Amino acid sequence: MKITDHIKKAKGKTLFSFEIIPPVKGKNIQELYDNIDPLMEFDPPFIDVTTSREEYVYIDRDGLLDKKLTRMRPGTVGICASIKHKYDVDTVPHVLCGGFTKEETEYLLVDCHYLGIDNVMALRGDAMREEKYFKPTQGGHSYAVDLVRQIQDLNCGNYLHDTVETDNCADFCIGVAGYPEKHLEAPSLKSDLKRLKEKVDAGADYVVTQMFFDNQKYFEFVDAAKAMGIDVPIIPGIKPIAVKRHLQLLPQVFRIDLPQDLVDAVDACATNKEVRQVGVEWCIQQSKELKDAGVPVLHYYSMGKSDNIRAIAEKVF
């Protein structure tokens, strides 16, 4: 079922969902299941599965370092199919511009269609670790809006090199990212909203926001998006702080602000266990306020760990 249909079916009730990351190569999927199992009691209608960019590794060959491309967390589509089968829940694979050619993207989408996956999240993706700025893959897309257009074309039976007439055409529900505090590369929030409007006009069906810790910024973002003519559901993405170094890491990586009250509370913690509890309590209050405001879904960035997300969901759902 499409994400938008889940939202309509809920008739104003706030839904619970979360995002996971594939295990690194060599790990067993059971570890992933062990972290999903405790969250299934909250009836998530869908689960997002991230896709990792390629990265360089250096292999020692007789004293010479050989630079090779690899993916440390492959298998997004396979994991989506496995979760869908095991839990009877919709899954949303993340589809990236970075690291994929247009042909590779088409093959991935065809696989999703074969497997009965109805939803995809279309993202540009981040720069590689070795790069300061995002560089498009040769033969790939430069912007998420172009990826949305390719998915929408495929929904109409228009493939890269031919057109297919069929009664069983793909009909993906397309999600895209939104940034309440603007994308780190955008010159202003207004210009960033214009880019979001382009993605919606190209065929995006819903938006999931980057994490934020001040609900007022989400509410203002939604109002500004509506004023811009963006009329699709905007789902808040939430992440509980878990370790003290998040105070430096999250603003640095995501260019977001942390409320001073939260910073002071984390600074006062002697251990990461205490930090984790502060993160849970802050996220509970965030979630309750957002739920009272009638958001369609509360979407949690779990990063593959479920204990703090479960502690939050027990108080909110």
List every residue pair whose Cβ atoms sit under 9 Å apart, with the two residues 6 or more apart in sequence or on different chains, where the first one lies in segment 92-108 and is surrounded by fewer than 22 Cβ atoms within 10 Å (Cβ to Cβ) and the second, anywhere, is of a type in the set (Asp, Glu) and at pLDDT 95 or above. His94/Glu19; His94/Asp48; Lys102/Asp146
Residue count, segment 217-241, condition aliphatic (A, V, I, L, M), outside any strand (DSSP E or B) and crowded, with 18+ Cβ neighbours inside 10 Å, comes to 5
What residue, of Lys226, Lys288, Lys239, is over 30 Å from Leu147 (Cβ atoms) and of a type in the set (Lys, Arg)? Lys288
Note down all Cβ pairs under 9 Å where the first residue falls in segment 290-308 and is within 21 Å of Asp205 (Cβ to Cβ), the second is assigned to a loop (DSSP other than H, G, I, E, B) and aliphatic (A, V, I, L, M), and they're at least six residues apart or on different chains. Tyr301/Met211
Restricting attention to segment 124-171, report how many residues are touching a residue at least 60 places away in the same chain (Cβ under 8 Å) and in contact with a Cys (Cβ under 9 Å, 6 or more places away or on another chain). 2
Picked from segment 66-122 (must be outside any helix (DSSP H, G or I) and hydroxyl-bearing (Ser, Thr, Tyr)), the residue modelled with the lowest pLDDT is Thr70
Every listed condition ((1) touching a residue at least 40 places away in the same chain (Cβ under 8 Å); (2) farther than 30 Å from Met40 by Cβ; (3) part of a loop (DSSP other than H, G, I, E, B)) holds for Cys269 save (1)
Testing Asp153 on (1) in contact with a Leu (Cβ under 9 Å, 6 or more places away or on another chain); (2) in a loop (DSSP other than H, G, I, E, B), one condition comes back false. Which one is that? (2)
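Table: residues versus (1) under 21 Å from Lys315 (Cβ atoms); (2) in contact with a strand residue (DSSP E or B) (Cβ under 8 Å, 6 or more places away or on another chain); (3) assigned to a loop (DSSP other than H, G, I, E, B).
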| residue | (1), (2), (3) |
| --- | --- |
| Glu185 | no, no, yes |
| Lys190 | no, no, no |
| Arg195 | no, no, no |
| Phe213 | yes, no, yes |
| Gln252 | no, no, no |
| Val263 | no, no, no |
Considering each residue of segment 167-216, count those that are of a type outside the set (Phe, Trp, Tyr), within 16 Å of Asp257 (Cβ to Cβ) and crowded, with 18+ Cβ neighbours inside 10 Å, and give that number. 9
Looking at segment 281-290, which of its residues are surrounded by fewer than 18 Cβ atoms within 10 Å (Cβ to Cβ) and either closer than 22 Å to Pro22 by Cβ or under 21 Å from the mean Cα position of the chain (by Cα) (or both)? Ile284
Out of curiosity, is Phe254 out of contact with any Leu (no Cβ under 6 Å at 6 or more places or on another chain), among the aromatic types (Phe, Trp, Tyr), surrounded by 15 or more Cβ atoms within 10 Å (Cβ to Cβ) and in contact (Cβ under 8 Å) with a residue 24 or more places away in the chain? yes
Scan segment 1-24 for residues that are of a type outside the set (A, V, I, L, M), in contact with a strand residue (DSSP E or B) (Cβ under 8 Å, 6 or more places away or on another chain), under 16 Å from Thr51 (Cβ atoms) and in a loop (DSSP other than H, G, I, E, B) and jot them down. Pro22
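Going by the structure shown, is Ala204 within 30 Å of Lys305 (Cβ to Cβ) and outside any strand (DSSP E or B)?
For Ala204, the condition - within 30 Å of Lys305 (Cβ to Cβ) and outside any strand (DSSP E or B) - is met.
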Against the definition (touching an Asp or Glu at 6+ places or on another chain (Cβ under 6 Å), surrounded by 18 or more Cβ atoms within 10 Å (Cβ to Cβ), at pLDDT 95 or above and of a type outside the set (S, T, N, Q)), how does Phe18 come out, yes or no? no
Just one of (1) over 19 Å from the mean Cα position of the chain (by Cα); (2) among the charged types (D, E, K, R); (3) closer than 21 Å to Ser52 by Cβ trips up Asp126, so point out which. (1)
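The values are calculated or read from the model by the stated rules, or taken from the named source; none is laboratory data. These figures come from a predicted structure and were not determined experimentally. When we count neighbours, we look across all protein chains shown, and the Cβ atoms used for this are built from the backbone with ideal geometry, even at glycine.
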